[in-house]
Structures are given as C-alpha cells and as structure tokens.
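Let me begin by presenting the structure, written as structure tokens, before commenting on it.
The values are calculated or read from the model by the stated rules, or taken from the named source; none is laboratory data. In this text, all values refer to a predicted model and were calculated from it rather than measured experimentally. No Cβ is skipped: glycine too gets one built from the backbone with ideal geometry, and neighbour counts run over all protein chains shown.
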Amino acid sequence: MPLSQLKSPEDLERFLLENEGIAPRDLVPLPFPYQDWKDDPIPELTEDQRGRFEVGPDGVSAMRVPVPTTEEERDKLVAGFLDGLRKLLTKENNWTFLQPLMLSLENCVKCQTCAELCPIYTASGHAEIYRPTFRPEILRKIVSRYLKPGGGIFPKLRGTDIELTWDHIVRLAELSYRCTLCRRCAQACPVGVDNALITREIRKLFSQELGLNMPELHDVGTIKQLDTGSSTGMNPAGVKDIVEFAEDDIREKTGLDIKIPFDVKDADYLVMHNAGEFLSWPENLQAFAIILSVAGVKWTMASDLLGYDSVNYGLFYDDVQYSRIAIKHFEVAKNLNAKRMLVGECGHAHKALMPIADRVVPMELHVPVESALVLLEDLVVNEKIMLDPSRNEFPVTLHDPCNLTRSMGIVEPQRNIVRAICPQFREMEPHGVNNLCCGGGSGFAVGQSLNFPAWRTRVSGRLKYRQLLEAFDDCIEPETKKYVCAPCSNCKGQMRDLFTYYEAWDRCGMLYGGLVELVVNAMVDVREGFLEWNFN
Amino acid sequence: MSLSNLLRRRHQHSDPAVRLRAVAALEDESVLVQLACEDPDLEVRHRAVERLKANGMLRKVAIEGRHLDARLKAVAQIDDPRVLADIMRERKNPALMMACFEHIQDQDVLESIARDSSYNVTARRIAINMFADQNLLADILKTVRSPALREAARGRLVDPELRETGESTAGDEHAGPDRHMDRMLETYEPEVVAEMLGAFRDSPAAVRGLGVILARGGEAGERAEEILGRILRHAASEIRLEALRQLRPAAPRIADDLRSLAESDPDPQVRAAVREVINEIDKQQGE
Amino acid sequence: MDTVLLWWIWLAAALFVFGCGWRALNYIRAPEHVRWDLYPVAHEPGRDHGGSYLEQKDWWTQPREKSHWGEVEFMFEEIVLLRGVRVNNRKLWWGSLPFHWGLYLLVLTSMGLLVAALGLSSRLWLGLLALSGGVGGLLTAVGAAMLLIVRSQDPRLRPYTTPLDRLNLALLVALGGLSAAAAVVPGGMAEAAAAVGRLLRLRAPEVSLLLGLQMAVAALFIFYLPFTRMVHFFSKYFTYHAVRWDDRPVQAGSALERRLRGALGFGVDWSAEHIQTGKSWAEVATTMPEKPEDPGE
C-alpha cells in the first residue's frame, strides 16, 4: 500500500492488516563495490509453515506464533491481550517501567521528527510499518478505545476508530520484533518520548500475559539459561572443558602459560563473559585471559550456574525473566565475595548488569560492576601491558554497541584503546552516542528461525553495512585486509551474518572481531599473529 | 603581549622561547618535572630533563611523561640500575624497556627482573639473555614455568648436563584436555564441538578432538575433516603432523591434497610422514 | 453575556489547574522505575562526547559531578529554539517555531495583563503588552496555519493527524488572530487589563465583542488542554529529569532504595505460564519457571 494512499488515521489500521512484504527494490542502495548488488527477496514461508505460524505485516515471522485453530481461541487471545494491556498500566504489575511508559504513550505530538533517525525505517525505503511511531500509534488507539473512559465516543474524530481482532494483535506483536530498541528515535524526540520503550513494553505484554515471545529469547534463551546455566546450554562442567582447550591453545599459540582461574574467592574481578563467545569466538575468551594474566590482575571466572554466562535476554522482552537472571548473577558474585564484577565484551550484558540491575536487585546483593573497557583502557593507556602498535598496521574502524554508548554513556575508553594500538584507526560516521545499530540488537542476532535472519541481513543490518563500506571507502579493495572492531557478542553475531550474506571477505577483505583480540595482537609478550585473517 | 601571558608565570608563557629561558633559571624541581612531562615543545621538555639531577625526579618523568622523547631522555640520565628496573615494572613500554636495558649491567638486578613475575615476559626474557652465570640459568630452567622464559634460558645454557637437569625437573603439569571429549560430545551437538575445536587449532589436544569427531562420521565428521584439512597448512610442524595423524581414516579422500603436501611442506619430517600415508593408500588401492 | 463569560473563564481556569495538576500528580506519584537513561545526559560535565560517570575507573568511589548549567543550556535550546525539530525535521520546524514563540509571547502578555490589573498600567507597559500580544497572536496564527497545512498535505504526517488535531490547530489559528486583533486595536490592552481586574474580583468583565470572543476562545483552549498531549509543556520536565537524565545509582539507606524495596512487595498477576500469579515481585523473581515444550520448526 503506497504512502500516498495513507490519508487518515483509519488508514493506519488498514496498513497494519493489509500490508504484505518488503520489496528488495525499496531497500537503500549500497555504495561501491555493491553498485550492481541484487538482493534476493526475503523468502516467504512455505504453505505448511503459513498454516502453522502467523506472520507480521511484512510476511516475516520472528515469534513463530501458532495459528489459532478456533474462533474461541482467537477471542480468548484478544481478551487476554486487553487484560495484559490493563496490567501494563498498573503500578503493581509494571512498577519497573510505568512512569516512562505513561509519559511516552501520553505525550507524543506525532511530529515524526524521530522517523529519519530509525535505521530500519530508512533502510527499508521508508516502509510505513517500520516507522517508529507506527506501532506505538496503533497501541495508543487501542488504549484510548478500550481502556479509557468514553473510548467509544466520537472515535473517528479522535482517531480511535479500531475494532480489535486477533489479526491486529498478532501483527502488532510481530512488529514489536522489527525494532532493535536502539533508541535513536528517542534521542531525536523534542518531547522526550521513547518509541523503543513502547515497543519493548509491547513485547513484555505478550510474553508476561500470553506467553508469546521469540523462542530464541525465551524457550532456548532465558528458560534454558535458568535451567542449565547458560543460554547456549553449556553447563558448569562444559565451561571448564572448553577452558582447558583454550588454555592448551594459548600455550601453543602464544608461548604463554596461562591458567584461567575459576571460583577464586575475594578476587578483585569476577569476569562475566557472554557464553556465546566460548563457542563462537573463543579467541575473545583467550584474549581476556592473556591480558588479565599478563597485567597481573587478580581475577576469576565462576563455574556456579549462570556465573559463566553474562547474557540476560529478559532485558529485551520480559521483566520477570530479566529479574530472575540478574539476581542469580549477583548471588554468584556475592558467594565468591568478588570485589567487582567485570563485564566482558557484550553490550546488553553491560546494560543488564549495570544500570538496570542497580534498581532491580536488592541492596544486600549489590556488588560494584565495572565495564571491561574501562579496565582495559587503564591497562593500555597506563602501559601496564607492553604493546607494539605496528603489529596492528591495517585499517580499523570501531563499531559502537547501542547499549554501551547511547544507553550507558561508555564512549571514550574503547576509543582511547583503539587509538593507542591501531595506527590506521578511522571513525565511522556517525559514531559514539549517535551510532547506527548493527541491526542485531534486542536479541535479533540470535533470531535464526524461519525467514527472520533474511530480514535481519537485508533490512535491519543494511544501514550498518553501508556505513562500514563508507568507513573503508579509501581502501575497500579486497587485497587490503581490514578490521571492524565490535566489542559486543550480539553485534558480532549480526556482523557474521551480514558479512556472509554480503560476501564481505571476498569482495572487500573485511573481517570483524572484538577489541581484546586487537590488544593481544599488539602485545609484545605474545608471538605475532594472534589475529587470524580468515573468514569461515 | 596577551593579557593571559601577563598573568602567568614565565614557565607557563605561550611562547616556547620564553619558557626555555625560564627553565634555565628554575630551581623548583617539581615544576621542572611538570614541564618535562607535559610541555608541548620538545626543546623545553628536553632542557627541563637536563636540569633534573635526582634519580627520583627522573623516574617520575620516565613514568608519567606524556611524550616518549622526554621519557627516554630521562632514562638516559638515570645511573641507578634498580631505578631503571623499577621503571620497567611500572610502565610496560617497548622503547622505554630497551632504553632501560641499555644501562643495566648489574647481574643481581637482571636476576631479580628475570625471576619477578610483575615484569612482563619480554623484559624477563631479555634479562635472561643478558645473564652470564650458567648455574643461574639452570635454576631458572628448573623453577620457571613460562615456555618463553624456559626457551630463553635453554638457549643460553652451554653445558648439556645443566640443560638436561632443567628439562627433567620441570615436568609437564598439563594433563591435557583430551579427557573431556566424551563429556563435551554428550553435552553438545558434535557440529558445535567441531566448530569450537576448530577455533583452537593451535592446540594439539583440539586437533586430536577433531579426529574423534571425524571418526564418528556424519555431517560433524565431514566438518571436522574440512577443518583438519586446513590445519595441514598450519604454521607449526607439530600441529601439521598431528592433523595428519587424525586424518588417516580420511586419507583416501584427500589423496590429491596429500600428494601436493608431500612436495610442498617445508618440514622434511612432515613430508616423510605424508609420503608414508600416500604409500599406504597406493598399497590399499593396489590390493 | 458578560456573566456567562465570567463563569466560563473561571471554570476553564479551574479545570486547567486541576487537570494539569492531576496529570502531573499521576507522573509524580508513579512508582520509582528502572533506569532508562539516554545519552548524552546534559548534566554530565565536560563530556561533549556524551559520556557518563561509568567511564571512570571504580566509578562508585568517585565523587559525582553534575553540571546544572548543562541542563539549563539544553532546555533553553530545546524550548526556545526547538533544536531537535530544527535538526531532524526542518520542514515542520518552519511552522512549529513561530507557533511556539507566538504562544510564549501570548503567555507573557497574559502575565503582563495580570500585572497591569494589579496596578502597573502605564502607557509604556500597555504599549509593550500590545506589541507582545500583537506579535504573539500573529505568530501563533501563522505558525498554526502552517502546521495545519503541513499536517493535512504531508503524507508522513497526514495519517497521524486526527480530525480533532486539525480542529485544535484551527482553533489556535482563530485564537492567534483574535489575540493579535484584540492587542492592536486602540485601547485594546487597557480594556483587557481592566477586564482582568474585574475577573479577579469575580465581576463580569464588560468587554467588547472582539475581546469577549478572544477570551472565550482562550478559555476554551485552556479548558481542554489538560486532556490532550499539549501537556507536553510540563511533561517534558518528567521525560527528561525523571527518565532520560535520571542516572542516580542506588545508595544504601536512601529514599530511592526504600521505594524500590516497597515495589518488590507489589503483587503480580500476569498470566503467562512462567510467572507465578498472585505472588509478590520478590517471590516471583526468586522462583524458577518450568521448562516449556519446544515449539518446533
């Protein structure tokens, strides 16, 4: 449905229900060497899948919501949704976000100042369903119509003319998983409204009331983590096994005899890694171990359940799951009497363990939490480890994870490190607190089912990929090997999929990785070649 | 003349020539240290360093200075090797380290650097390389765990008996992670384990682990075979040999690669091992 | 008619105060929420890059520095210059800026009339009020008209603009025009000051048709304002100070800690399987959920 046909508020509802798919021709074009790039369309679900799972207004499924089989089931879900919406606006059920939510729901002046800052809205060629105000506006209509006194009076005049059905609800639910919660829209809003927050609250309503959410975040995310200790399924014995292989590898690769300590009491730092690093990027785990050991830091990891996985996907969709995991994390730290927790390279783990946990975890469990980037800055800038920047003589740019910069204001430490060890560092534009999301935020990077990954690489990650090409436009040829430093596990997961889809290694010689790997690559005490230049 | 300059002291003047003249007359060492550490003009920094005499003040410049040139100049003026050693412990800077070592000949100081784990490995290795005393080197070989330091000590030992004593005393305490393979394969999908081990390709144990997965077959086995095939081009010959050992069950499938490796591998031991495998393949095919 | 106007204006004023007060109270009385700060935070001093105190080593041991001047500077740019709209939505800014300036001037004029009614009614003062009222009214009318046009034509804004929104803007055009006319008509401000004086003494205002119409429309505007999103004029204080600039860490024994502890005692009645309905937040957060079945592919 073209934008020109959107004339009135009633058309928003029609758009929600009638829109189908995003055409590749609408996607924002990419610069050289992709000027002739042709995107494959986002695959449609098969007939069998359509029979079993609902899709959003773009034909994509992130949540794998089962198709209700009867009208009664649909009605029950609609009633449940409205119950949930009521609860979302009560202090008892939503003390965590009630004030920010009320402010955002009640004060949007619909000026659309936020729209151009949304990377997903922009990348899709301005698809209306991805406009930052679209889903909040649908929610406002529902709130006004069904929850406010006099909701049915003059609905056309007030723009509250909506008759809620299951189709409305399920499409709204799916749309809540088309925003990475990057909050660029919130930065632009002159009134202070936060559309990302409203989106998150929509996700929460569906999860906490109807039990509908993205399976990778819930069933094989938070539930698995609470059961086995990690969202990867890794149990305490498994983590120690992997660590022994890592130690063996470090010894052979670097000539350093490093022992990764577990469960040491009274350590200065309890290091909390995203367990995804262990399986997908173990060099990150190794690099941390090398740096901390060489610098003589008194550190430990924990083998207690949840103690070795800093991930907390509840941050993205469910306050109850979030709280359960956060409390467990702090219990582990308390049991070990750690002086501080040190958060490794994971953006959302930073946010989950630092500002959010501060008001959710009871005071008696509080342990100070510090970003690893701050400690690393101290070690690098104050020469507590010996570095030779000439070992990193290749173009490097720095990706800013949204949770670190825009949501927490940790901007300079990582830059001071990269400037010190990478002679050919160049910034992306925009960067820092104005960064562009990688497109994998809010859990998208772990969304692997049905056609969601295809949407992620083509739409939500599009602007970031364009930005990377622009950062290296003076040396984009594949013969010049270049490095995208991304100090965040979820961002790296998204980069991996972006680089695969866009053939970044073959076309541009572009590799991604963490920050600590760059540090170790420059360490004089380590044999040269810690960074391996291959993409597989 | 700007108003701000009128209000400042001469060593804070915006004109470096004025600051230079001020440095020549300054008696306050703390101010000289500050200028040496932070002044944006090279001449001013160097002149300030030259005016400093006390090792303690020069140490401060070497550690806290913002500009490497001033820090190196300060190091060159220090005459106490213990102070130089202390600088290396406080600040792990390669140029500073080399400059410090140029002025350390004292064997006691070198020994303390070699044995003290608060120094980085490279500094300790350099210290070992500067030892003359064979008994000291043998003791280092016996007591120090770091492979890099043991290699340095071994390299300096002339007496084969002393070298052998050192090797046999410091046993390998690493039981090896191979024993965890069964448990890992119970916990995770073999494909996941294969990918994870593939990332540890410098580890002989990981290479052996890939062999275990290869033997199981299936998709994971194919992936393990693929990874092991790449490890045949690893930089370290021991790792290539281990990969070859693990690839033996798959040898007929990769015969062409092996034939190429038999000619191109830089290590004669590896080439011999590869030829042995090729001969076995040819014999089986002949039968 | 004048008596009707008297009671209408007082009713509107009372409802305005009550309505805005009630809405503000709703925000004030909301429970302490989880941190949701957004950077750059204006009171972080010397942090042009948008950095926070979390960039400091051992941040919990460092003294907190806050720059209130930073907040004032930010709010001035936002309120007076509409900086965010200028940078990100220039097309709308051309109408929005005069509109807002017009309203600010009309508010100042109204306050000036109060002062005039209480005694300061020199020719100079009334002349200044005529100028501010005239310019304010004109800017309001022109700005509101531009916004009305943009919101009716621009396909980005059209679907998000209800008929009621258009009516509101039309009313503001009328208000602006009437205010400008009433301000510049000879003797207009003197009449208005006298009318305000009588209103304060609960007397019928005894005004001309033009001024009467202007007052009635102004009263209508403030009557319904608390029920609309135009309350953003004070909600902004909360969106910034209570949410995006609220970077306070919790201190042991503080009022914040006490309120948060109270919230952990709230009862939860979410219905999803993984939540134990009926228990308190503290109980739910420390009870593990059961594992669901795998939904399959």
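Of all positions in region C:192-206, at least one carries a residue that is modelled with pLDDT under 90 and buried (at least 18 other Cβ atoms within 10 Å of the Cβ). Taking the numbered list (1) buried (at least 22 other Cβ atoms within 10 Å of the Cβ); (2) among the β-branched types (Val, Ile, Thr); (3) more than 8 Å from every other protein chain (Cβ to nearest Cβ) in turn, A:THR405 passes all entries but (3). Pairs linking a residue in region B:214-233 that is of a type in the set (Gly, Ala, Ser) to a residue that is buried (at least 16 other Cβ atoms within 10 Å of the Cβ) and outside any helix (DSSP H, G or I), with Cβ atoms under 9 Å and 6 or more positions apart or on different chains, are B:GLY229/B:LEU247. One residue stands out among those in region A:437-452 that are part of a loop (DSSP other than H, G, I, E, B) and over 12 Å from the mean Cα position of the chain (by Cα): the one that is surrounded by the fewest Cβ atoms within 10 Å (Cβ to Cβ), which is A:GLN448.
Scanning region A:293-345 for residues that are of a type in the set (Lys, Arg), surrounded by 19 or more Cβ atoms within 10 Å (Cβ to Cβ) and part of a loop (DSSP other than H, G, I, E, B) returns a single hit, A:ARG340. Of all residues assigned to region C:199-216, at least one qualifies as being in contact with a Pro (Cβ under 6 Å, 6 or more places away or on another chain) and under 17 Å from C:LEU129 (Cβ atoms).
Table: residues versus (1) more than 7 Å from chain A (Cβ to nearest Cβ); (2) surrounded by 13 or more Cβ atoms within 10 Å (Cβ to Cβ).
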| residue | (1), (2) |
| --- | --- |
| C:ALA12 | yes, yes |
| C:ARG23 | yes, yes |
| C:PRO31 | no, yes |
| C:ARG35 | no, yes |
| C:ARG47 | yes, yes |
| C:GLY51 | no, yes |
| C:SER67 | yes, yes |
| C:PHE76 | yes, no |
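The residue that is surrounded by the fewest Cβ atoms within 10 Å (Cβ to Cβ), counting only those in region C:237-253 that are in a loop (DSSP other than H, G, I, E, B) and within 7 Å of chain A (Cβ to nearest Cβ), is C:ALA252. Among the residues making up region A:477-492, a single one is surrounded by fewer than 24 Cβ atoms within 10 Å (Cβ to Cβ) and touching a Lys or Arg at 6+ places or on another chain (Cβ under 7 Å): A:PRO478. As a summary of the residue check, A:PHE262 satisfies the conditions (1) touching a strand residue (DSSP E or B) at 6+ places or on another chain (Cβ under 9 Å); (2) within 7 Å of another protein chain (Cβ to nearest Cβ); (3) within 21 Å of A:ILE325 (Cα to Cα) except for the one numbered (2).
In the set (1) facing another protein chain (nearest Cβ under 7 Å); (2) modelled with pLDDT of 95 or more, C:LYS291 fails one condition alone, (2). Residues in region A:1-32 that are exposed (fewer than 14 other Cβ atoms within 10 Å of the Cβ) and at pLDDT 90 or above were compared, and the one that is nearest to A:GLU163 (Cα to Cα) is A:PRO29.
Every residue, every condition in (1) modelled with pLDDT under 95; (2) within 23 Å of B:ARG91 (Cβ to Cβ), yes or no:
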| position | (1), (2) |
| --- | --- |
| B:ASN5 | yes, no |
| B:ARG9 | yes, no |
| B:VAL18 | yes, no |
| B:ALA25 | yes, no |
| B:GLU29 | yes, yes |
| B:VAL49 | no, yes |
| B:MET57 | no, yes |
| B:LYS60 | no, yes |
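Listed conditions (1) surrounded by 18 or more Cβ atoms within 10 Å (Cβ to Cβ); (2) within 14 Å of chain A (Cβ to nearest Cβ); (3) out of contact with any Leu (no Cβ under 8 Å at 6 or more places or on another chain) are all met by C:LEU157, apart from (3). Filtering region C:87-112 to residues that are under 22 Å from C:TYR240 (Cα atoms), surrounded by fewer than 18 Cβ atoms within 10 Å (Cβ to Cβ) and more than 16 Å from the chain's Cα centre (by Cα) leaves only C:VAL87. The set of residues in region A:57-92 that are more than 28 Å from A:PRO190 (Cα to Cα), without any contact (Cβ under 8 Å) to a residue 40 or more places away in the chain and within 9 Å of chain C (Cβ to nearest Cβ) comprises A:PRO66, A:GLU92. Scanning region C:254-272 for residues that are within 7 Å of chain A (Cβ to nearest Cβ) and more than 32 Å from the chain's Cα centre (by Cα) yields C:GLY267, C:VAL268, C:ASP269, C:TRP270, C:SER271, C:ALA272. Just one residue in the set A:ARG466, A:ARG419, A:ARG391 is part of a helix (DSSP H, G or I) and more than 14 Å from every other protein chain (Cβ to nearest Cβ); that residue is A:ARG466. Within region A:302-327, the residues that satisfy the criterion of being of a type in the set (A, V, I, L, M), touching a residue at least 60 places away in the same chain (Cβ under 8 Å) and on the phi < 0 side of the Ramachandran plot are A:LEU305, A:VAL311, A:VAL320, A:ILE325.
Determine, yes or no, whether B:GLN246 is touching a residue at least 12 places away in the same chain (Cβ under 8 Å) and surrounded by 19 or more Cβ atoms within 10 Å (Cβ to Cβ). Talk me through it step by step, then tell me what you get.
Values: touching a residue at least 12 places away in the same chain (Cβ under 8 Å): yes; surrounded by 19 or more Cβ atoms within 10 Å (Cβ to Cβ): yes.
Yes, satisfied.
For region C:15-38, the criterion of being closer than 24 Å to A:LEU375 by Cα and touching a His at 6+ places or on another chain (Cβ under 9 Å) is met by no residue. Can you name every residue in region A:202-261 that is more than 30 Å from A:VAL170 (Cβ to Cβ) and assigned to a loop (DSSP other than H, G, I, E, B)? Answer for region A:202-261, where residues must be more than 30 Å from A:VAL170 (Cβ to Cβ) and assigned to a loop (DSSP other than H, G, I, E, B): A:GLY229, A:SER230, A:MET234, A:ASN235, A:GLY255, A:LEU256, A:ASP257, A:ILE258, A:LYS259, A:ILE260, A:PRO261.
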